[in-house]
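One structure is given here, and the rest of the page talks about it.
Rule-based calculations on the coordinates, nothing more; no lab input. All values reported here derive from a predicted model rather than from experimental measurement. Glycine also receives a Cβ, built like all others from the backbone with ideal geometry; neighbour counts cover every protein chain displayed.
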C-alpha cells in the first residue's frame, strides 16, 4: 500500500509538471487539468472500491500554506521604484474598486434572495451576505500569474501586480467583515490600529529574517526562514491581525534591495551577498509554490462531487456572477485606459476563493453560497480566461521591428532586400541540400542586415561630412572675396 501511494503521488506530480510545461503552447490553464485529474482520480477510486481516508481536513492547511508562499513569491517579483508608481497605482485601483463594487452588488442580491426566497431557518443578514460575496470577488494570483506567460511584458507585469494586490486586499476586506459583527466607526479605528501593529511587527520580523538570511552559513538556511514566515503569519492570525501584510512587506523588502542600498543597516547586511541569497531563496520558493499549488488543486478536484458540479440551482447564479465580473472589469479597464484585450479575460477565481469560503463559520454562512456555487464560479472564470487567451491575436515584437524602433533611421528597404535575397538562397539550398535550420538562417539574416545598416549609416555619415566640407569651403571662399574686393576688381581688369 505504501509503495502504491508513493508511485501514485510521483506520477501525479510528474503529470502536473507536464501540464505546466504545455500551458505556454496549449494556453490551457494547468489548474483546469489538475481539477479534472483530481476528479478523475476520485472516479477511479470509486469504480475500483479503493479505500481513501477522509482528506477534507487537509484542504484548509494546504490552502493556508499555499496562500502564504504564493503571496510571498508574488511580492518578491514586485519592483518598487519611481518608474513603477503609475503601474502600481493603476493595479491598486483595478484590484480594489471592482472588488468593492462587485462585493456590495452580490451582497445586495444575496440579501434580497434571503428575504424573498430564503428557507426561513436563518434570519436575513447583510453582513453574512457580504461575507459570502467577498470570496467570489478576489482574483487568484495562483492561476492568473502562470496563465499570463504568453502575454506581453507590460500586460504580464500588470497581471502580477493586480492579482497579488487583489489577494492581499481581498483578505483584508474579508478579515474586517469577519471580525466585526457590528461595522461602525469604532471598528474602523480598531482595524487601523491592527494594521499599524502588524506594520511594526512586519518591520521587526523583516529585519530579523533578513539578518538571518545574510548571516547564516549553514547548509540549510532557506527552510527555517520559510517556517519562521509561516509561524509569524499563523501567530498574527491568532491575534486577529492582518497577517498577509507581513508576508507582502517581507517579500517586497528583500526583493527590492537594489532600491535601498543606501541605508546604513542594509550596508551592514552586505547587499550584494544578500541579493545572491535572495535569488536562491526565490528559486526554492518557486519550486515549493509549484508543489503546494499542485497538491491543493489535485485535492480540491478529488473532493469535488459530480452532483455539486451539475447543480442547476446554483449554475444560473454562477453565470450571473461571472457576467457581472467581466462587465465591471471591462468598464474599469476602459476608465483606467488599460488594454481591454486580453486583460479583461484574466480574472480567474481559485485558491483564495476556496480558502476564504472555508474560513466562513457555519453560523455566518448562507444557503446560497455553497460549495457548488464556488466550484462553478471558479471553473467558469478559468474556462473563459482560457478561451480569451486562445483567441488573443496579440503578437510578440519581431527582432526586426525592434531594430527599426531602436535605430529609427529607416532601413526598411535594406532589411526587406536581405529577407528576399535570403529566401531565394534558402529555396535554392532546399532544392540542392535540403532545408537548413531556422537558427542558422536567423543568425545569417541578422548579420547581413547589420552589415547593410552599418554600410548605409557610414555612407550617410560620409555624404554628410563631404557636404559639410564643401559648404565650409564655399563659405570660406565667399568670406575671402568679401574681405578683398580690390584684388578681385584688379583681377577682373
Query raised in the report: Binned at 20 Å from 0, what are the whole-percent values of the Cα-Cα distance distribution for the range 2-390, short to long?
Result: 26, 59, 15, 0
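For the range 272-355, compute the orientation-averaged projected area of the C-alpha convex hull (one quarter of its surface), in nm².
Across all orientations, the range 272-355 yields a mean hull projection of 8.9 nm².
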Query raised in the report: Hey, how many Å between the Cα centroid of the range 9-88 and the Cα centroid of the range 264-332?
Result: 8
Query raised in the report: When ranked by the protection proxy of mean other Cβ atoms within 10 Å per residue, highest first, what sequence do the peptides 296-306, 277-287 form?
Result: 296-306, 277-287
